[in-house]
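The values are calculated or read from the model by the stated rules, or taken from the named source; none is laboratory data. Just so it is clear, the structure is predicted and the values come from calculations on it, not from any experiment. Ideal geometry is used to build each Cβ from the backbone, glycine not excepted, and the neighbour counts take in all protein chains shown. To get the accessible areas, we keep the full protein, side chains included, count just its heavy atoms, and leave off ligands, DNA and RNA. Shrake-Rupley method; radii C 1.70, N 1.55, O 1.52, S 1.80 Å.
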Amino acid sequence: AAPDVRNVDVVFLALHGGSGEDGTIQAMLDLAGLPYTGSGKLGSALGWDKDVAKRLFAAAGVPTPEWLMAPVDARQAAERLGLPLIVKPNGQGSTVGLTLVETVGEIDAAVELARRFDREVMLERYVPGRELTVGVLDDTPLAVGEIISATGPIFDYAAKYQVGGAEEIFPADLTPEQTRLAQDLAMRVHRALKLDTYSRVDFRMDGEGRLWCLEVNTLPGLTSGSLLPRAAAAVGISFPELCERICKGALARRSMR
């Protein structure tokens with residue numbers, strides 16, 4: 001390891017996208033023998049690859065919207081998945097390159113857009129309904145949150161990062177049964193992908209109250225106003241305590257090696 005990091009206690013990862021979330025940085029830190037926050041290289045890679053992650057969701061009994069991987073005939077995709085449908089890069093975050101496609105004629109252009117950000121492209125059934133998110137900390141689910149986008153039907157890049165782009169409610173207005181189910185499914189995802197210390201799992205709840213897992217965030221945002229800290233605050237965990245517990249989780253993982 002470089003001299004300026006050789007004696008650090010822990011590397012606190014606050015990265016998004018690419019090599020920051022896909023396991024590359026995690027593998028380098030493992031080779032350097034440096035403890036770091038978040039999940040290891042395997043869990044990070046599994047969460048970043050949406051196709052592989054959804055296969056693991058299904059294997060763990062977690063419902064996820066039906067999907068296809070490009071290349072695929074546009075008309076056949078529409079017949080299989082219905083319209084509208086989602087087209088997105090397989091390895092990307094923050095909904096970058098994502099398109100909500102309304103017609104068959106838009107599919108090929110949406111695939112080409114997504115391919116600018118990743119060579120693999122996913123086409124996914126669109127689930128209209130409520131956007132829910134569940135944080136996990138130390139193998140325990142946090143409060144379920146609901147995100148209401150002010151920019152359109154999906155929680156897109158603008159909704160996530162523009163001031164006033166979305167209303168975020170913690171805890172979400174759900175029945176106790178719905179809350180427990182969302183938390184149970186989030187824990188199944190967290191464990192199926194071999195994640196560590198913390199994560200955030202995103203869902204859609206359809207009009208019949210069924211939950212569909214969209215994706216998992218292995219390094220969710222950690223500003224004081226981000227979704228995971230708000231989920232923690234809703235169960236009495238302050239932002240400094242959250243950060244401390246994340247660091248302790250990293251050091252505990254190192255001591256077990």
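When Val127 is tested against (1) closer than 15 Å to Glu215 by Cα; (2) not in a loop (DSSP other than H, G, I, E, B), exactly one condition is not met: (2).
Restricting attention to the range 131-144, and to residues there that are surrounded by 23 or more Cβ atoms within 10 Å (Cβ to Cβ) and in contact with a Lys or Arg (Cβ under 8 Å, 6 or more places away or on another chain), which single residue is nearest to Thr175 (Cα to Cα)? Selected residue: Leu132.
Out of all the residues in the range 148-170, is one or more modelled with pLDDT of 95 or more and outside any strand (DSSP E or B)? Yes, there is a match, as at least one residue in the range 148-170 is modelled with pLDDT of 95 or more and outside any strand (DSSP E or B). Annotation: of all residues in the range 115-130 being out of contact with any helix residue (DSSP H, G or I) (no Cβ under 9 Å at 6 or more places or on another chain) and in contact (Cβ under 8 Å) with a residue 40 or more places away in the chain, the one that is surrounded by the fewest Cβ atoms within 10 Å (Cβ to Cβ) is Pro128. A Cβ distance below 8 Å, combined with a sequence gap of six or more or placement on separate chains, defines the contacts here; from the range 210-234, residues that are closer than 15 Å to Thr95 by Cβ and in contact (Cβ under 8 Å) with a residue 60 or more places away in the chain reach residues that are open to solvent by 10 Å² or more (accessible area, probe 1.4 Å) and acidic (Asp, Glu) in the pairs Leu214/Asp202; Glu215/Asp202; Val216/Asp202; Asn217/Asp202; Leu227/Glu168. Of the residues making up the range 233-252, those that are outside any helix (DSSP H, G or I), open to solvent by less than 60 Å² (accessible area, probe 1.4 Å) and hydrophobic (A, V, I, L, M, F, W, C) are Ala234, Ile237. Residues that are within 16 Å of the chain's Cα centre (by Cα) and of a type outside the set (Val, Ile, Thr) were ranked within the range 91-114; the one that is surrounded by the fewest Cβ atoms within 10 Å (Cβ to Cβ) is Ser94.
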